[in-house]
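Here's the structure, in structure tokens; my notes come after.
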Amino acid sequence: MNNFLSIDDVTNLEALVASARNFKQNPYAKKQQGEGKTLGLLFMNPSLRTRLSTQRAAYNLGMNVMVINVNQDSWQLEFEDGSVMDGSSVEHVKDAAAVFSQYCDIIGIRTFAGLVDRLVDYQEKVLHAFVKYAQVPIVSLESATLHPLQSLADVITIEETKTRSKPKVVLSWAPHPKALPQAVANSFLQWVSETDCDLMIAHPEGYNLSSDFCSGAAICHNQEEAFIDADFIYAKNWSSYEQYGKVLCTDPAWTINQEKMSLTNNGQFMHCLPLRRNVVATDEVVDHSLVLVQAKNRLFAAQAVLDQLLSTL
Amino acid sequence: MNNFLSIDDVTNLEALVASARNFKQNPYAKKQQGEGKTLGLLFMNPSLRTRLSTQRAAYNLGMNVMVINVNQDSWQLEFEDGSVMDGSSVEHVKDAAAVFSQYCDIIGIRTFAGLVDRLVDYQEKVLHAFVKYAQVPIVSLESATLHPLQSLADVITIEETKTRSKPKVVLSWAPHPKALPQAVANSFLQWVSETDCDLMIAHPEGYNLSSDFCSGAAICHNQEEAFIDADFIYAKNWSSYEQYGKVLCTDPAWTINQEKMSLTNNGQFMHCLPLRRNVVATDEVVDHSLVLVQAKNRLFAAQAVLDQLLSTL
Amino acid sequence: MNNFLSIDDVTNLEALVASARNFKQNPYAKKQQGEGKTLGLLFMNPSLRTRLSTQRAAYNLGMNVMVINVNQDSWQLEFEDGSVMDGSSVEHVKDAAAVFSQYCDIIGIRTFAGLVDRLVDYQEKVLHAFVKYAQVPIVSLESATLHPLQSLADVITIEETKTRSKPKVVLSWAPHPKALPQAVANSFLQWVSETDCDLMIAHPEGYNLSSDFCSGAAICHNQEEAFIDADFIYAKNWSSYEQYGKVLCTDPAWTINQEKMSLTNNGQFMHCLPLRRNVVATDEVVDHSLVLVQAKNRLFAAQAVLDQLLSTL
């Protein structure tokens, strides 16, 4: 593993999940693995749980951590090659990424979707520029279109919770008042489709995700129908891919409630948090769900990834 | 001790003070007490000395620290049970507190007084919600109405400085151009009244504190009279409790000067800082005071509290 | 060394450079030197590379680090003695510096040039107030008029790169759209003039630096002429000293390009970064330069300074 940007960087998912589960049993098993190493966490937009879980993961491995919260306005990066930088950009990403590499052994970076221009978001310009110019491994702390640390935590959660070898997993769109990125949904599909499961996506008309992530998944526009016999209901809102970044529907009929959950095979509710209660899902559903298990597993997902990257340094 | 929110969480004040004074003699006596443990410090409003003293205390115990500065605007919490979260709140405190508990072994939280609605401030909604929903011990880093780590530092300072077994301690209101909370004054009364002393409160008419905190203290509206024979003058401004949050008086006649200090029994001046010089007290008074001793003791107060909480994990 | 504010605090530059170069070879040679010690880094304005390099340096020595980003608006310091603080200042620097000293063993501080009033900037009021009132060593992380950690890194870079015992070093002004401080240029002159070299300054008319820093350096208004036979070209923009803080020239004829570099003695290009590409220097020049070596040496410059200060505690 040279970087951790998506499932494509994982050569052995089973081993990575096993490593995370081992850390969950014994968080300090490798407390000297990161001795003398420093993790830089660069946030191009704010983060709470990703920062805390990754920071704690680094501490568990004996690393030091430096957090860098970038105010977009005060430190505007240049991304074009050859440009004459006499405008608002104060530093070229080429130099910034290389300089950070002098002080950090691994760099985590959080970028975000603008939700205005789909091409721009799906190019992942910021992330890929850091990967290109950094001299150390890069870990995505969520990018414009993917959230691999979340997805790894989700796969761990499913693996340790499933009651049959090939569970039915439903990714269900849910309402939300604001336009949200597709990153969590895309990434969940990428990762879960690498495990042995029946994968189904439930969403209203107009909420297709990019076909790049949907191969192997059945798509259903009837939420109740999708829930039947499901082992896991993974709820997430995303704004439209076709009418990019638009909110087409906030229909509370898509809110996940206990009645719908009762259609499942004693199915477990999952969500990456933060979650708008009684909009995405009812209190009853959230209060008896796997959301805190997922949150806990974020720590061990990050720890397994950092451990693997440290072993390559 | 399950949490540290007020004097009520302390079963043995004498032992806690002794522990702090031991750490002052030997800061690294328990440098492995917090090994592998992480303190999360959550600031709902800015802090300098509380953050630094608590962070240093954690380091002295071998803990790691994660600081979380919450921008109220960007991460609005929901506090009502059952609400349909389709407005501005992005996460329920129930979930936020539980999630932080996955990554932190102890959580410190700083909340603040709005100074608009007394009932709201004295409910301590934010602090109590975190206590209710967190799965780890909570330490108050100052709340809307109490500041226990400051008060513990103040008690330590009095204990190590007093020249007679039952000193006279005067809490004196002092002028300030802006409306300030009652937290430091309330909390000081709570803690000091648990020690063996003659406690007196001096303030202008209209500046009564809540009677909940004044039992056992004499109240005097004549500052000079109050100072006579005092061993400790603890200065603090607070805005009105009755006309809640209002500034009724900025009379410089209440500024503490050397002339007034000369009425005392070689009394020592105390203040929690920050302090507006020549408004609260004159330079001469501040320059020959215990303010830096108090500041130093903040560190050891926090260390004694963290040590005790760590021993329960 | 009591503080580290300028070259004047260095009694043996050669030894300091040697120490830094030793750390570069073996960063963890003294990993217990700072055990139980905490570095406070106080930023009165934002910093990225200075913060990261100094923080990493502290970690390499086993120190803990507390970063304090001061929002000027929310925490306005008073600097005048005896003032009646009933205005916007909330704390006197006398108290702030003394309080920080209770929690930190060494304090790093970044202040900045207002670029409005030259006298004010060159007084270095903020830095000197902290030095006066702090009870622990102070390290300048760049002040209004000097940047000694950068200059030490620059001297290290020249020492380890030079191909003749007395190299020709040219400090060349370069264009920039915004007004910049003179700190890096002043400081570079101060430090490099303590080494064995031929020092020349190239700048357009009207861009004289303070004569306090130029003794021993030849001054030339013809950039090409200055570059002839140079071993090092140190590029930097600064705004006018005479017409203080003004931008008098943005002439791209002063941009450093490969053609000019070919006039040198296989000269190496240096810059402290961040750098506006194709304004200060062309891509080709920057891409084949020492800028990343300088960035790396920032770490070891800071480590050598912290190590020396720690040895005095």
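Computed quantities for the displayed model
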{"item": "Matching residues, the range B:216-226, being of a type in the set (A, V, I, L, M) and either surrounded by fewer than 20 Cβ atoms within 10 Å (Cβ to Cβ) or under 21 Å from the mean Cα position of the chain (by Cα) (or both)", "result": "B:Ala217, B:Ala218, B:Ile219"}
{"item": "Selection count where residues are facing chain A (nearest Cβ under 9 Å) and assigned to a helix (DSSP H, G or I), scope the range C:258-292", "result": "5"}
{"item": "Lone unmet requirement of (1) assigned by TED's automatic domain parsing to the domain that holds C:Glu225; (2) within 22 Å of C:Thr50 (Cβ to Cβ); (3) part of a loop (DSSP other than H, G, I, E, B) for C:Glu142", "result": "(1)"}
{"item": "Every residue from the range C:84-104 that is touching a strand residue (DSSP E or B) at 6+ places or on another chain (Cβ under 7 Å), more than 7 Å from chain B (Cβ to nearest Cβ) and farther than 16 Å from B:Leu52 by Cα", "result": "C:Ser89, C:Val93"}
{"item": "Candidates B:Glu91, B:Glu80, B:Glu124 - the one that is surrounded by fewer than 22 Cβ atoms within 10 Å (Cβ to Cβ), over 23 Å from A:Glu284 (Cα atoms) and of a type outside the set (A, V, I, L, M, F, W, C)", "result": "B:Glu124"}
{"item": "Test for C:Leu180: is it under 19 Å from the mean Cα position of the chain (by Cα), within 17 Å of C:Met270 (Cβ to Cβ) and assigned to a loop (DSSP other than H, G, I, E, B)", "result": "yes"}
{"item": "The range A:227-239, subset of a type in the set (Gly, Ala, Ser) and buried (at least 21 other Cβ atoms within 10 Å of the Cβ), residue nearest to A:Glu205 (Cα to Cα)", "result": "A:Ala235"}
{"item": "Qualifying residue in the range C:182-199 (condition: free of Cβ contacts under 8 Å to residues at least 60 places away in the same chain and either in the same structural domain as C:Ser53 (by TED's automatic domain parsing) or basic (Lys, Arg) (or both))", "result": "no"}
{"item": "Residues of the range C:93-151 satisfying the condition of being closer than 20 Å to C:Asp81 by Cα and of a type in the set (D, E, K, R)", "result": "C:Lys94, C:Asp95, C:Asp121, C:Glu124, C:Lys125, C:Lys132"}
{"item": "Test: B:Leu248 is more than 13 Å from chain C (Cβ to nearest Cβ), crowded, with 21+ Cβ neighbours inside 10 Å and not β-branched (Val, Ile, Thr)", "result": "no"}
{"item": "Check on C:Ser165, assigned by TED's automatic domain parsing to the domain that holds C:Asn266, of a type outside the set (D, E, K, R) and modelled with pLDDT of 95 or more", "result": "yes"}
{"item": "Test: residue in the range B:111-130 that is more than 9 Å from chain A (Cβ to nearest Cβ), touching a Phe, Trp or Tyr at 6+ places or on another chain (Cβ under 8 Å) and of a type in the set (S, T, N, Q)", "result": "no"}
{"item": "Flag for C:Thr157 being in contact (Cβ under 8 Å) with a residue 24 or more places away in the chain and in a helix (DSSP H, G or I)", "result": "yes"}
{"item": "Inter-residue pairs, beta-carbon under 6 Å, first within 14 Å of another protein chain (Cβ to nearest Cβ) and in a loop (DSSP other than H, G, I, E, B) and in the range B:1-30, second surrounded by fewer than 18 Cβ atoms within 10 Å (Cβ to Cβ) and small (Gly, Ala, Ser), 6+ apart", "result": "B:Tyr28/C:Gly36"}
{"item": "The range B:190-215: number of residues that are more than 19 Å from the chain's Cα centre (by Cα) and aromatic (Phe, Trp, Tyr)", "result": "1"}
{"item": "Selection status of B:Leu152, under 25 Å from C:Gln102 (Cα atoms) and part of a strand (DSSP E or B)", "result": "no"}
{"item": "Some residue of the range A:52-71 being more than 20 Å from C:Met66 (Cβ to Cβ), more than 10 Å from every other protein chain (Cβ to nearest Cβ) and at pLDDT below 95", "result": "no"}
{"item": "Test: residue in the range B:217-234 that is at pLDDT below 95 and over 19 Å from B:Val286 (Cα atoms)", "result": "no"}
{"item": "Number of the condition not met by A:Glu194 [criteria: (1) touching a Ser or Thr at 6+ places or on another chain (Cβ under 9 Å); (2) farther than 20 Å from A:Asp229 by Cβ; (3) part of a loop (DSSP other than H, G, I, E, B)]", "result": "(1)"}
{"item": "C:Gly62 assigned to a loop (DSSP other than H, G, I, E, B), outside the structural domain of C:Leu273 (by TED's automatic domain parsing) and either closer than 21 Å to A:Gly62 by Cα or β-branched (Val, Ile, Thr) (or both)", "result": "yes"}
{"item": "Residue match in the range C:226-237 (condition: touching a His at 6+ places or on another chain (Cβ under 9 Å), farther than 23 Å from C:Leu152 by Cβ and not in a helix (DSSP H, G or I))", "result": "no"}
{"item": "Check on A:Asp212, free of Cβ contacts under 8 Å to residues at least 60 places away in the same chain and outside any loop (DSSP other than H, G, I, E, B)", "result": "yes"}
{"item": "Any hit, the range A:113-124, residues being under 24 Å from the mean Cα position of the chain (by Cα) and within 30 Å of C:His288 (Cβ to Cβ)", "result": "yes"}
{"item": "Condition check for A:Glu224: free of Cβ contacts under 8 Å to residues at least 40 places away in the same chain, over 27 Å from B:Glu78 (Cα atoms) and acidic (Asp, Glu)", "result": "yes"}
{"item": "Filter result for C:Thr163 (part of a loop (DSSP other than H, G, I, E, B), more than 17 Å from the chain's Cα centre (by Cα) and either within 26 Å of C:Met200 (Cα to Cα) or not β-branched (Val, Ile, Thr) (or both))", "result": "yes"}
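Here is a yes/no grid of residues against (1) in the same structural domain as B:Glu224 (by TED's automatic domain parsing); (2) touching a His at 6+ places or on another chain (Cβ under 8 Å); (3) surrounded by fewer than 21 Cβ atoms within 10 Å (Cβ to Cβ); (4) under 21 Å from B:Gln223 (Cα atoms):
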residue	(1), (2), (3), (4)
B:Trp254	yes, no, no, yes
B:Asn257	yes, no, yes, yes
B:Asn265	yes, no, yes, yes
B:Phe269	yes, yes, no, yes
B:Arg276	yes, yes, no, yes
B:Thr282	yes, no, yes, yes
B:Val291	yes, yes, no, yes
B:Ala302	no, no, no, no
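To keep it simple, each residue is scored yes or no on (1) of a type in the set (Phe, Trp, Tyr); (2) within 22 Å of A:Gln150 (Cβ to Cβ).
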| position | (1), (2) |
| --- | --- |
| A:Tyr59 | yes, yes |
| A:Met66 | no, no |
| A:Ser89 | no, no |
| A:Arg118 | no, yes |
| A:Gln123 | no, yes |
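The values are calculated or read from the model by the stated rules, or taken from the named source; none is laboratory data. Here the structure is a predicted model, which is why all the values come from computation and not from measurement. Virtual Cβ from ideal backbone geometry, glycine too; neighbours counted across all protein chains shown.
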